[in-house]
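Worksheet: the structure to be examined is printed underneath.
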Amino acid sequence: MTARCHRMPFGTELQEDGRVRFHLWAPGARHVALLIEDEPEPVTLDMAAEADGWFGIVTAAAATGSLYRFRADDGPAVPDPASRFQPDDVHRPSAVVDPCVYAWDDGDWTGRPWAEAVIYEFHVGTFTPAGTFAAAAERLDHLAELGVTAVELMPVADFPGRRNWGYDGVLPFAPDSAYGRPEDLKAFVDAAHRRGLMVLLDVVYNHFGPDGNFLAQYAPQFFTERHHTPWGAAINYDGPGRDQVRAFIIHNTLYWLEEYHLDGLRLDAVDTIMDDSRPDILEELADHVRRTVDHCRHVHLVLENDRNEGHYLERAGGGAPRLYDAQWNEDAHHAAHVLVTGEHEGYYRDYADEPAAWLGRTLAEGFGYQGERSAHRGGRARGTPSAHLPPTAFVTFLQNHDQIGNRPLSERITDDADAAAVRALTGVLLLAPAPPLLFMGQEWAAAEPFPFFCDFDDDLNARVAAGRRDEFAAFPGFTDPASRARIPAPGDAGTFQSAVLDWSAPGRAPHADWLAFHRQLLGLRHREIVPRLTGMTGGGTFTLVATHTLRVDWPLGDGSELHLLAHLDAGPGPAMAAPPGRMVYALGFDDAAPGDERPVPPWSVQWSLAGPPPATP
């Protein structure tokens, strides 16, 4: 059994003599008091002022489980910004936690190479009816049998209320109590590792939520008016006081990777992080991870970055990432979505002219936009070259939480598109070299939507609902107030409940057929594609054969070649020969063979391999 603890200057630390150290960075305060709120005798203690805005105390008046808050000057009692656990939500006291008490059972786990990644994203609260870490652990066998190798949790940092997507977190070190205690999350990670599954966590370093963040009251240097974000003043990564701010975020990264033994992190919307310093916070963060975390472990860092900046994804000698393993490839999603739905509103208009060509470019070269001007962004140039990067630097998906939830009614792709179209694009993305991502329930074409939900006070709930409905005022079908009234109110409990997966569905038609389809494709991926990916040093090439007919070719890491021919339209395509080599998979016609030339059927996909067989593990 192994104990794991991450030591940091923030928050609490149990001492060898049984006392507890409390440490708070409060550069805007003259005096800070520690309030220990244990029954029956609460205690108030003055904290000693230290250099650079720190206040600290070591006391025997607290122990594991003690409840505490801080009071800066004459302000309100506030929780610890580095709290490890909030038993009663973000406005109530923090709890002293002994992180070493959990006895890990995965001592021989060193992770998995990134080339093996098949990612499954889910929201803990809606993944099961119980909505807890423990209940999610009971579904890990299903994911392992599906062919998933990595589970990705949407953010779990403590948020206000009992229901939230997680992107409104305000206490980034504390797993939300709605899902369980810290030990429950560790047990989930332990259980995943026993099944050979990596665990990734979505983290948010671009803003804090609108309710329960008290940092500005005693550490105003944590934020800056020099930069503004969609959420207001930016987190201060490049102004006076930045060193402690950056340390707070970097320690949070290391905390999740070390104390919770996570296999990686996905950093949300880093294009909204404002930082003019060099190295910037993203570079410094990744550098710390690469230098600090046990080098015997596979640890992965993934970005969401609308700016399409390839320098974060550059490879070192041997193909190892210098900074980040991969980026979510939203260009690939948008092109695929246009192909299967025909939609061209909003950001989809950037892909509406030749969606098959855009998809081909993303599969072969990574980014779709590599410096071209984006009409959706007012004609601004977007992106940098990426064809020199391996496909493993880009995560592809047909659905994720954003692409479902950021629609007026939050319906899934199988509600909007013909099943044949969805199957064809699934057949493309699950067998392409880039690591694929599935969103919870996608493998059985779940009927549940995934609307945005939250649990603020009545006033803030009403403002969020009004803002969300206004956001969709220009969408077809939602231009008048009556139609927008159909958009679910995020603060309603029923909105949250509508997203909870029905785990009886995979056992009946048509969901069972979708599940078998995904299992078949992922089985093929692990047998035929994954063993050949290691050693890929760059992308492939693509050809738009006809308006909706695409050919993509990749040189793989073992010297073989992977070929895709896809016709992504409801009408027949041109007469074509099947790709060269051994046919690995065909959707639309099963008797295709190299040398055959015939009109390609609607929504058809053919994969073939040419070259040596994969090496035996």
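Quick note: the coordinates plus some simple rules give every number you see, no bench work behind them. From a predicted model like this one, the values you see are computed outputs, not experimental measurements. When we count neighbours, we look across all protein chains shown, and the Cβ atoms used for this are built from the backbone with ideal geometry, even at glycine.
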Taking the 0 to 90 degree range and rounding to the nearest ten, how far is the long axis of helix 419-429 tilted relative to the main principal axis of the chain, both from C-alpha atoms? 70
Euclidean distance of C-alpha centroids, the stretch 311-386 and the stretch 515-570, integer Å: 17
Cα convex hull volume per residue for the chain, in Å³, equals 156
Cα-centre dipole for the stretch 11-101 with unit charges at Cβ (Lys and Arg positive, Asp and Glu negative), debye to 20: 160
With angles folded into 0 to 90 degrees, how steeply does helix 330-341 sit against the dominant principal axis of the chain? Use alpha carbons for both and round to 10. 50
Exposure proxy check: TRP503, TRP607, TRP358 ranked by fewest other beta carbons within 10 Å? TRP503, TRP358, TRP607
If one compares the long axis through the Cα atoms of helix 242-258 with the longest principal axis of the Cα atoms of the chain, the angle in degrees, nearest 10, works out at 70
Output needed: percent of Cα pairs per 5 Å distance bin for the stretch 535-610, bins running from 0 to the one holding the longest distance. 4, 17, 28, 24, 15, 8, 4, 0
Relative contact order, percent, of the stretch 11-101 when contacts are C-alpha pairs under 8 Å separated by at least 6 residues? 28
The correct pair for the stretch 336-442, radius of gyration to one decimal and Dmax as a whole number, both in Å and from Cα atoms, is 13.9, 39
Given Cβ point charges of +1 (Lys, Arg) and -1 (Asp, Glu) and nothing else, what value in debye, to the nearest 20, does the dipole of the stretch 535-610 about its Cα centre take? 100
Report the full-extension gain for the segment ASP457 to ARG21: residue separation times 0.36 nm, less the Cα-Cα distance, to one decimal in nm. 153.6 nm
Within the P(r) computed for the stretch 433-494, what percentage of the Cα pairs occupies the region above 20 Å? 45
Mean separation of Cα contacts under 8 Å (6+ apart) over length of the chain, as relative contact order %: 11
Alpha-carbon centroids, the stretch 128-164 and the stretch 188-262: separation in whole Å: 21
Rounded to the nearest 5, the percent of DSSP beta bridges in the stretch 292-444 running antiparallel is 35
Identify, among ALA77, ALA135, PRO99, the residue whose Cα sits farthest towards the positive end of the charge dipole of the stretch 1-146, taking +1 on the Cβ of Lys and Arg and -1 on the Cβ of Asp and Glu, with the dipole about the Cα centre. ALA77
The residues SER604, SER94, sorted from fewest to most surrounding Cβ atoms within 10 Å, come out as SER604, SER94
Using 0.36 nm times the number of residues separating HIS142 and ARG297, minus their current alpha carbon distance, what extension gain do you get? 53.3 nm
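Would you kindly calculate the translational diffusion coefficient of the stretch 99-222, applying Stokes-Einstein with the Kirkwood radius from alpha carbon pairs, for 20 °C and a viscosity of 1.002 mPa s, and quote it in µm² s⁻¹ without decimals?
Diffusion coefficient, whole number: 138 µm²/s.
Can you give the helix-only mean residue ellipticity at 222 nm for the chain, where every DSSP H stretch with n ≥ 4 adds -39500 (n - 2.57) and the sum goes over all residues, rounded to the nearest 500 deg cm²/dmol? It would help to have the intermediate numbers written out before the result.
Numbers: 16 runs with 142 residues, N = 617.
Result for the chain, helices only: -6500 deg cm²/dmol.
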Ranked on Cβ counts within 10 Å of their own Cβ, fewest leading, CYS454, CYS100, CYS296, CYS5 go CYS296, CYS100, CYS5, CYS454
Roughly how big is the stretch 434-498's charge dipole about its Cα centre, with Cβ charges of +1 (Lys, Arg) and -1 (Asp, Glu), in debye to the nearest 20? 240
